[in-house]
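This report concerns only the one structure given below.
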Amino acid sequence: MFVKTEPTGICERKGLVQVKFCMYLEPGDYEYEKHYVQVYERSLTDAEALDPDLAERVGKVWQVNPFHNHFIYIEPDTPDPEITDIGQAFLEEAYIKWACDEKLDLKNPPVNFPMSVNTARLNAVGDKVKHLEATILERRVDGH
């Protein structure tokens with residue numbers, strides 16, 4: 001199994017960096033097949049969406065969808081290895097619940113958003129957001 005950051009969920013929020021983790025299963029992980037699915041290789045046209053026979057002519061590809069997504073908030077000076085450590089910890093917790101068919105209700109520690117946000121902080125957050133949008137962090141772990 002593995003966890004990676006998702007650029008579409010990375011942004012500034014109340015003076016901190018919001019990070020989205022997507023968690024994926026791999027062959028051999030519990031119920032991997034639930035998230036290994038076939039999808040159309042492109043968006044269907046209106047005509048194809050209305051006509052199943054036309055839609056079936058569009059090629060399909062296999063893809064792995066996340067089994068869980070999770071958001072955290074970090075300081076802009078948080079090193080990348082620490083971010084992946086956090087992602088791994090949540091991945092391991094999520095997988096334990098997943099493999100036991102439990103609700104994936106992961107809890108973050110309380111977030112203390114800054115009382116005031118100045119230009120220097122916003123610039124640092126903006127720089128970290130840009131970095132994380134351009135650099136997908138990923139960590140693989142054994143889930144069996």
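Within region 90-139, being touching a Leu at 6+ places or on another chain (Cβ under 8 Å), under 19 Å from GLY9 (Cα atoms) and in a helix (DSSP H, G or I) holds for PHE90, ALA94, VAL125. When region 76-92 is limited to residues that are over 11 Å from ARG139 (Cβ atoms) and loosely packed, with under 14 Cβ neighbours inside 10 Å, the one that is farthest from the chain's Cα centre (by Cα) turns out to be ASP77.
Test TRP62 against the criterion of being of a type in the set (Phe, Trp, Tyr) and either assigned to a loop (DSSP other than H, G, I, E, B) or surrounded by fewer than 16 Cβ atoms within 10 Å (Cβ to Cβ) (or both), and give yes or no. Working first, answer last.
Values: of a type in the set (Phe, Trp, Tyr): yes; either assigned to a loop (DSSP other than H, G, I, E, B) or surrounded by fewer than 16 Cβ atoms within 10 Å (Cβ to Cβ) (or both): yes.
Considered against the rule, which asks whether it is of a type in the set (Phe, Trp, Tyr) and either assigned to a loop (DSSP other than H, G, I, E, B) or surrounded by fewer than 16 Cβ atoms within 10 Å (Cβ to Cβ) (or both), TRP62 comes out as yes.
Working carefully through the options PHE21, PHE67, PHE71, PHE90, find the one that is in contact with a strand residue (DSSP E or B) (Cβ under 7 Å, 6 or more places away or on another chain), more than 18 Å from LEU132 (Cβ to Cβ) and aromatic (Phe, Trp, Tyr).
Working: PHE21 fails: more than 18 Å from LEU132 (Cβ to Cβ); PHE71 fails: more than 18 Å from LEU132 (Cβ to Cβ); PHE90 fails: more than 18 Å from LEU132 (Cβ to Cβ).
Answer to the check: PHE67.
Taking every residue in region 77-92 that is closer than 21 Å to PRO66 by Cα and pairing it with any residue that is of a type in the set (Phe, Trp, Tyr) and part of a helix (DSSP H, G or I), at least 6 positions away or on another chain, yields no pair with a Cβ-Cβ distance below 7 Å.
We did not get these values from a lab; they are worked out from the coordinates using the rules stated. Bear in mind the structure is a predicted one, so any value in this text is a computation, not a measurement. We place every Cβ from the backbone using ideal geometry, glycine too, and count neighbours over all the protein chains shown.
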